[in-house]
Amino acid sequence: QVQLVESGGGLVQGGGSLGLSCVVSGSFFSIGSMGWYRQAPGKQRELVATITRGGVTSSADSVKGRFTISRDNAKNTAYLQMNSLKPEDTAVYYCNADVRATTTLSYNHYWGQGTQVTVSS
């Protein structure tokens with residue numbers, strides 16, 4: 001079964017940096033687009049950044065210029081480099097991936113369980 005596991009979360013002071021990783025494992029044909037989302041307490045989950053298999057990226061205005069999404073297709077891994085962190089960036093960060101199944105060749109969405117990022121003031 002396909003599984004996504006995030007890592008790299010933690011506690012950091014405002015202005016600091018953190019790098020998140022998302023590894024896709026299991027049985028699958030290929031991975032399409034991947035993305036990072038976040039959910040703060042009492043808030044709905046929001047899109048942070050996305051990246052296609054070919055490396056085309058998009059990011060939310062709130063993180064533009066501070067966060068960078070990237071991926072290594074050979075490692076089935078996506079990354080989110082977060083710089084100049086602010087307290088309002090505090091949230092659980094989730095990885096998402098469109099994974100193409102070996103059996104059907106259709107894409108299915110998968111989510112990781114999330115990693116906590118806490119930015120102190």
Candidates T115, T50, filtered to the one that is more than 17 Å from G8 (Cα to Cα) and within 11 Å of the chain's Cα centre (by Cα): T50
Would you say V63 is assigned to a strand (DSSP E or B) and either of a type in the set (A, V, I, L, M) or under 25 Å from S121 (Cβ atoms) (or both)? no
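Being in contact (Cβ under 8 Å) with a residue 60 or more places away in the chain and among the small types (G, A, S) is the filter here; which residues of region 1-23 pass it? Reasoning before the result, please.
Taking region 1-23 as the starting set, the residues that turn out to be in contact (Cβ under 8 Å) with a residue 60 or more places away in the chain are 2-20, 22.
Within region 1-23, S7, G8, G9, G10, G14, G15, G16, S17, G19 qualify.
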Anything in region 24-75 that is among the charged types (D, E, K, R), open to solvent by 50 Å² or more (accessible area, probe 1.4 Å) and in contact (Cβ under 8 Å) with a residue 24 or more places away in the chain? List them, or say none. K43, R45, K75
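Take S84 and decide whether it is within 24 Å of S121 (Cα to Cα) and either among the polar types (S, T, N, Q) or in contact with a strand residue (DSSP E or B) (Cβ under 6 Å, 6 or more places away or on another chain) (or both). Step through it out loud before you land on a result.
Details: within 24 Å of S121 (Cα to Cα): yes; either among the polar types (S, T, N, Q) or in contact with a strand residue (DSSP E or B) (Cβ under 6 Å, 6 or more places away or on another chain) (or both): yes.
When the stated conditions are applied, S84 passes them.
Among the residues of region 100-111, is any open to solvent by less than 30 Å² (accessible area, probe 1.4 Å) and closer than 16 Å to Q1 by Cα?
Initial filter on region 100-111 (open to solvent by less than 30 Å² (accessible area, probe 1.4 Å)): 101.
Keeping just the survivors that are closer than 16 Å to Q1 by Cα gives 101.
Yes, region 100-111 contains at least one residue that is open to solvent by less than 30 Å² (accessible area, probe 1.4 Å) and closer than 16 Å to Q1 by Cα.
Determine whether region 104-119 contains at least one residue that is more than 26 Å from F28 (Cα to Cα) and hydroxyl-bearing (S, T, Y). Step through it out loud before you land on a result.
Applying the first criterion (more than 26 Å from F28 (Cα to Cα)) to region 104-119 yields 116-119.
Now drop any that are not hydroxyl-bearing (S, T, Y), which leaves 118.
Yes.
The values are calculated or read from the model by the stated rules, or taken from the named source; none is laboratory data. Quick caveat, the model's predicted, so the values are computed rather than measured. Quick reminder, even Gly has a Cβ in these numbers, built from the backbone with ideal geometry, and neighbours come from all protein chains shown. Accessible surface is based on the protein model in full, side chains and every heavy atom, while ligands, DNA and RNA are left aside. Shrake-Rupley method; radii C 1.70, N 1.55, O 1.52, S 1.80 Å.
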